[in-house]
Amino acid sequence: MEALSRHELLACMQCGVCVGSCPLSTRSTLNVRRITASLMTKSLEVGDELWDCTTCYLCVYRCPRGTKPLDLIIELRSERVEAGKIPPTLRDSLENTFKQGNPWGKSRVKRGEWASGLGIKRLLELEDSKILLFTCCASAYDPRAQEAARALVKVLKAAGVEPAFLGEDEVCCGNEVYNIGELGLFEELMETNKANMGEGVETIITTSPHCYYAFKNRYLGLKAEVLHYTQFLARLLDEGLLKLKGLADVVVTYHDPCYLGRRSGVYEEPRKLLKAIRGVKLVEMERSRSRSLCCEGGGGRMWFEGPPGRRLAEVRVVEASSTGASILATACPFCLANLEDGVKTAGLEDKLRVMDVAELLAQALPSS
Ligand code: SF4
Ligand code: SF4
């Protein structure tokens with residue numbers, strides 16, 4: 001586990017910036033300042049609101065004392081997981097991940113089906129492959145995220161890159177398992193993936209910022225270079241290997257996923273790719289880059305409803321639409337799903353379309 005320093009927590013001056021920053025604070029009784037205070041006074045009183053946190057990182061990012069209240073939330077969750085005090089839907093997602101390697105409990109042996117007909121091969125069929133595409137559970141099983149993953153493969157192949165993938169040898173990266181606090185299961189998933197990635201792979205490309213973050217920060221001893229797909233494609237663009245034609249004039253705004261932007265500092269590459277498409281006019285939302293509003297997909301919240309009220313994804317799509325954009329681009333399978341739901345609940349289907357950056361690029365390929 002990322003070391004939780006109680007000493008660091010003692011630096012908390014109870015200013016409340018974390019609570020003021022927390023995007024859930026208007027809907028949930030989750031109060032990070034109070035949780036930190038109760039730790040210091042050893043009078044912890046926190047209920048099920050502990051599970052509302054999306055791990056969006058804004059409280060850590062803004063804390064003027066460098067305190068990391070999010071680490072405390074994960075530690076408290078971990079204690080509850082140990083004690084079996086966990087909401088049923090989250091418990092199910094963990095059991096599914098243990099049994100089938102993915103939180104939805106889809107068949108393990110069907111994990112590679114998303115790639116059928118794309119002409120890419122499993123790593124075990126390609127012993128000398130140096131580039132591995134790590135798919136993510138959502139990209140492997142969710143029909144909408146599958147479309148984005150298939151578009152990504154199309155773009156990679158157009159640039160002359162033939163990645164291998166793990167197929168049924170891949171299991172969940174475990175990032176959200178860790179965030180839910182099931183640290184033992186996270187270790188098992190990490191060891192399985194590391195063993196199946198082998199020693200020969202030099203570059204791992206991820207479809208999801210959550211896998212990216214896990215590999216970069218939580219997988220110990222991973223030797224391969226890890227890149228989110230937007231970083232890898234931006235590199236291909238710089239090298240002149242990714243060639244794009246123009247699209248009909250379109251206004252696009254970009255939603256920074258928490259785990260790619262605020263947590264990993266990857267802001268430029270997705271924008272660079274979008275700007276490389278002739279005809280795309282990129283406009284920014286007021287809350288962009290490090291200020292980006294969470295879609296509510298992290299921290300296990302894909303499997304836990306959370307507090308009642310207007311969901312953040314719905315707030316976000318209204319922000320996106322107010323820029324005048326007709327396309328809201330993102331680069332995360334969880335964001336893709338939540339923002340699409342937000343468009344429906346906000347009644348913006350006629351005005352705003354949510355697309356993955358890879359999908360826009362695939363449409364802009366010379367062969368399209
Ligand atoms: S922002 Fe930091 S210092 Fe201020 S209350 Fe929150 S944890 Fe404490
Ligand atoms: S990580 Fe985000 S959702 Fe969780 S407590 Fe901090 S600001 Fe709130």
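Has region 17-29 got any residue that is without any contact (Cβ under 8 Å) to a residue 12 or more places away in the chain and more than 16 Å from ligand 2 (Cβ to nearest atom)? No, there is no match, as no residue in region 17-29 is without any contact (Cβ under 8 Å) to a residue 12 or more places away in the chain and more than 16 Å from ligand 2 (Cβ to nearest atom). Applying the condition of being assigned to a loop (DSSP other than H, G, I, E, B) and acidic (D, E) to region 255-284 and asking which residue is nearest to ligand 1 (Cβ to nearest atom) yields D256.
Taken together, the residues in region 17-70 that are closer than 25 Å to R218 by Cα, within 22 Å of the chain's Cα centre (by Cα) and within 14 Å of ligand 1 (Cβ to nearest atom) amount to 12. Residue count for region 145-178 under the criterion of being surrounded by 24 or more Cβ atoms within 10 Å (Cβ to Cβ), among the acidic types (D, E) and either in the same structural domain as R301 (by TED's automatic domain parsing) or in a loop (DSSP other than H, G, I, E, B) (or both): the result is 1.
Determine whether region 1-12 contains at least one residue that is within 13 Å of ligand 1 (Cβ to nearest atom), part of a helix (DSSP H, G or I) and more than 20 Å from Y178 (Cβ to Cβ). No - not one qualifying residue is present in region 1-12. Looking across region 71-96, the residues that are within 16 Å of ligand 1 (Cβ to nearest atom) and out of contact with any Gly (no Cβ under 9 Å at 6 or more places or on another chain) come down to D71, L72.
Using beta carbons and a limit of 6 Å, which pairs, at least six apart or on different chains, have the first residue in region 233-262 and β-branched (V, I, T) and the second one surrounded by 23 or more Cβ atoms within 10 Å (Cβ to Cβ) and not in a loop (DSSP other than H, G, I, E, B)? That search, which allows pairs on different chains as well, returns V252/A329; T253/A320; T253/L328.
Taking the criterion of being among the aromatic types (F, W, Y) and under 19 Å from C332 (Cβ atoms), the residues of region 155-189 that qualify are F165, Y178.
Could you list, in sequence order, all residues of region 190-218 that are within 18 Å of P333 (Cβ to Cβ) and either without any contact (Cβ under 8 Å) to a residue 60 or more places away in the chain or of a type in the set (G, A, S) (or both)?
Passing the criteria: N193, S208, Y212, Y213, A214, K216.
The values are calculated or read from the model by the stated rules, or taken from the named source; none is laboratory data. Computed from a predicted model, the values in this text were never measured in an experiment. Every residue, glycine as well, gets a Cβ built from its backbone with ideal geometry; the counts of neighbours run over all protein chains shown.
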